[in-house]
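Undergrad: Okay, here's the structure, questions in a sec.
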Amino acid sequence: MIDNIAKALGVSKTTVSRAISGNGRVSEKTRERILRYTAEIGYVPNAAASNLATTRTRNIAFSMPLNRDATRSAYFLECFFGVSKMASTAAYDVIMVGDRLEQISRIIQSRKADGMVLTRHIIGDADLEKLAQSGIPIVLTGVTLVPNIMQVFYDSVEAFKDLTWQLLDLWVGPVGLIVTNKAYPANQARAQAFTDAVTSKDMPKPLVSWDADTEEDMIGAFTFMLSKGIKNIICGDDVICATLLNITSDNDINLASFHDSHYLKTFHPEIPVVTLDPGRLGDVACQKLLSKIKGMETPLTTQLDYKFRL
């Protein structure tokens, strides 16, 4: 098969082998051309043989919360698909693992993967620092100050602040925020960005309702907001927003979301959202990880652009 690939592309068999294995010097343009062609024809190299020739597992670990976020929010699944699509072009498989430190550490210590993608900032800086010393490449789809951690991210803090500012110009009256687990640094950053945006407009410190992790919690937080006279509510993610949209038809209530989803686009009029592309996030994160695994020079940080739908 390698002979046929080499002939079809007009390159040597050695070049094809190097591009597929990730070993040896091949220009990035040629490597991408070869991997794109092998993906198109459905060629899958013998991973077992590759593992014998190298110490690589040909696996990438993908860490995400294995709870309602994984099953109800499109964010993590779309990010996973982005990673999987890019990994497959390089003949890598993806192992899904939970977000607890012991789960992540077990994959690393047993050397079941050549690298890992961590979704958002699902663990604290102290734990992330331990992982940074583990000896395998790690890419975070989020932001951290921990040194030597590769990061791919949207400036979500600035995006959430911008969205809040724009909504304050559109809506009349106080604004509240409903968000999930307070333990996640990403949620804390969202809440701080929201609070900073509101107070910068010389408005009182806004109400933030935490730990809306279940449907019951979300409805409870919503009811609490209404009891405080707050009918302008920003939701920390698409799941919260969709849940609230399904239980209210009051035209005096305004809802917005810090995350978009295909489901939210079905509502008319459309809900104000920050539009991020988690599939692209996963794709770029996997590209960075594969480059690092192959020993290529890789920038530590990559920032992607966000959009609004108002």
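The values are calculated or read from the model by the stated rules, or taken from the named source; none is laboratory data. As the structure is a prediction and not an experimental result, all values here were calculated from the model. Please note: Cβ atoms are built from the backbone with ideal geometry, for glycine as well, and neighbour counts cover all protein chains shown. Surface accessibility is based on the protein's heavy atoms, side chains included, excluding ligands, DNA and RNA. Shrake-Rupley method; radii C 1.70, N 1.55, O 1.52, S 1.80 Å.
Undergrad: Mind listing just one residue for me: the one in the range 293-310 that is hydrophobic (A, V, I, L, M, F, W, C) and at pLDDT below 90 and, of those, nearest to residue 120 (Cα to Cα)? It would help to see each step written out before you state the result.
TA: Start the filter on the range 293-310 by keeping residues that are hydrophobic (A, V, I, L, M, F, W, C), which leaves 293, 296, 300, 304, 308, 310.
From the residues that got through so far, the ones that are at pLDDT below 90 too are 308, 310.
Working: 308: 20, 310: 25 Å.
The qualifying residue nearest to residue 120 (Cα to Cα) is 308.
Undergrad: Also, I was wondering about something else. Restricting to the range 224-266, give me the number of residues that are over 21 Å from residue 76 (Cβ atoms) and in contact with a Lys or Arg (Cβ under 7 Å, 6 or more places away or on another chain).
TA: Number satisfying all stated conditions: 3.
Undergrad: Here is a follow-up. Where in the range 57-149 are there strands (runs of 3 or more DSSP E), lying wholly inside it, with at least 2 residues that are touching a helix residue (DSSP H, G or I) at 6+ places or on another chain (Cβ under 8 Å), open to solvent by less than 10 Å² (accessible area, probe 1.4 Å) and closer than 30 Å to residue 236 by Cα? Please lay out each step first, then the result.
TA: Values: elements: 59-63, 93-97, 115-119, 138-141.
Of the strands (runs of 3 or more DSSP E) lying wholly inside the range 57-149, those with at least 2 residues that are touching a helix residue (DSSP H, G or I) at 6+ places or on another chain (Cβ under 8 Å), open to solvent by less than 10 Å² (accessible area, probe 1.4 Å) and closer than 30 Å to residue 236 by Cα span 59-63, 115-119, 138-141.
Undergrad: Quick test of your reading of the structure: residue 302 fulfils all but one of (1) among the polar types (S, T, N, Q); (2) open to solvent by 30 Å² or more (accessible area, probe 1.4 Å); (3) under 13 Å from residue 78 (Cβ atoms). Name the failing condition by number.
TA: Only one criterion in (1) among the polar types (S, T, N, Q); (2) open to solvent by 30 Å² or more (accessible area, probe 1.4 Å); (3) under 13 Å from residue 78 (Cβ atoms) is unmet by residue 302, namely (3).
Undergrad: Scan (1) in contact with an Asp or Glu (Cβ under 8 Å, 6 or more places away or on another chain); (2) in contact (Cβ under 8 Å) with a residue 40 or more places away in the chain for the single condition residue 89 breaks and write down its number.
TA: Tallying (1) in contact with an Asp or Glu (Cβ under 8 Å, 6 or more places away or on another chain); (2) in contact (Cβ under 8 Å) with a residue 40 or more places away in the chain, residue 89 fails exactly one: (1).
Undergrad: In addition: Just the residues that are of a type in the set (Ser, Thr, Tyr) and within 22 Å of residue 277 (Cβ to Cβ), please, taken from the range 99-147. It would help to see each step written out before you state the result.
TA: Step one: list which residues in the range 99-147 are of a type in the set (Ser, Thr, Tyr), which gives 105, 110, 119, 134, 141, 144.
Those that are of a type in the set (Ser, Thr, Tyr) and within 22 Å of residue 277 (Cβ to Cβ): 119, 141, 144.
Undergrad: Do any residues in the range 203-229 that are at positive phi have Cβ atoms under 7 Å from those of residues that are surrounded by fewer than 19 Cβ atoms within 10 Å (Cβ to Cβ) and charged (D, E, K, R), where the two are at least six apart or on different chains, and which pairs are they?
TA: That search, which allows pairs on different chains as well, returns 211/182; 211/217.
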